[in-house]
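The values are calculated or read from the model by the stated rules, or taken from the named source; none is laboratory data. It should be emphasised that the depicted structure is a prediction, and the values quoted were computed from it without experimental measurement. Every residue, glycine among them, receives a Cβ derived from its backbone with ideal geometry; neighbour counts consider all protein chains shown.
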Amino acid sequence: MTAAALASPIVLRAASGDDIGFAVSTWAQEAVRDVAGAPGLADLFPAGSQERITLKRAIEARARRLIAHGELIVAAFDEAPAYLLGWVCVGNGALHFVYVRSEHRGGGVCRMLLDSVGWQDGPVTHWSGHLPGGRYEPERLRGPR
């Protein structure tokens, strides 16, 4: 990443092409980490196990379906549009997932993404303690009401 790219403005845009693969991959990685690290579940999904691989594949399939039926917005530097800083997926009246690369957290990217889809507080389908005001409503994963 060049200094010019890092100094360029952050732009938000609808996802396309390779963006979707990045979103699915990071979504599954973060969700598996959350599930496998939850109290009482770590022993069920040991690293490298078939159970963890199955969980990851199921999350990837769910993520692809939610992206296909929802809205996926990505954040990137204007001078480096292929390098995604993060993304947000919403659909069925809920926030499904928001992700920001660890090295870009704390700089307002998450807030920009959430603002871009009009999310202040409300239903979320993937629980995170990092989103005050979210109401955990996993039933919204099933499809439109």
Residue check: is Arg64 touching a Gly at 6+ places or on another chain (Cβ under 9 Å) and either at pLDDT 95 or above or of a type in the set (Lys, Arg) (or both)?
no
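Here is a check on your reading of the model: is Ser102 touching a residue at least 40 places away in the same chain (Cβ under 8 Å) and polar (S, T, N, Q)?
On the way: touching a residue at least 40 places away in the same chain (Cβ under 8 Å): no; polar (S, T, N, Q): yes.
In short, no.
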Can you name every residue in the stretch 45-83 that is farther than 21 Å from Val32 by Cβ, surrounded by fewer than 18 Cβ atoms within 10 Å (Cβ to Cβ) and among the hydrophobic types (A, V, I, L, M, F, W, C)?
Ala80, Ala82
Over the stretch 5-17, the set of residues loosely packed, with under 11 Cβ neighbours inside 10 Å and either modelled with pLDDT of 95 or more or assigned to a helix (DSSP H, G or I) (or both) is Ala7, Ala14
All positions within the stretch 85-103 that are over 8 Å from the mean Cα position of the chain (by Cα) and within 18 Å of Pro123 (Cα to Cα)
Val90, Gly91, Asn92, Gly93, Ala94, Leu95
Any idea which of (1) of a type outside the set (Ser, Thr, Tyr); (2) under 14 Å from the mean Cα position of the chain (by Cα); (3) within 25 Å of Glu137 (Cα to Cα); (4) surrounded by 14 or more Cβ atoms within 10 Å (Cβ to Cβ) is the one Arg33 doesn't satisfy?
(4)
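Glu103: acidic (Asp, Glu), at pLDDT 90 or above and closer than 16 Å to Asp19 by Cα, yes or no?
No, not satisfied.
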Residue check: is Trp119 touching a residue at least 60 places away in the same chain (Cβ under 8 Å) and not hydroxyl-bearing (Ser, Thr, Tyr)?
no
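Can you name every residue in the stretch 84-132 that is of a type in the set (Phe, Trp, Tyr) and surrounded by fewer than 18 Cβ atoms within 10 Å (Cβ to Cβ)? If you could, list the steps in order and put the result at the bottom.
Taking the stretch 84-132 first, the residues of a type in the set (Phe, Trp, Tyr) are 87, 97, 99, 119, 127.
Correct list: Trp127 only.
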Does any residue of the stretch 111-120 turn out to be under 22 Å from His69 (Cα atoms), touching a Leu at 6+ places or on another chain (Cβ under 7 Å) and at pLDDT below 95?
yes
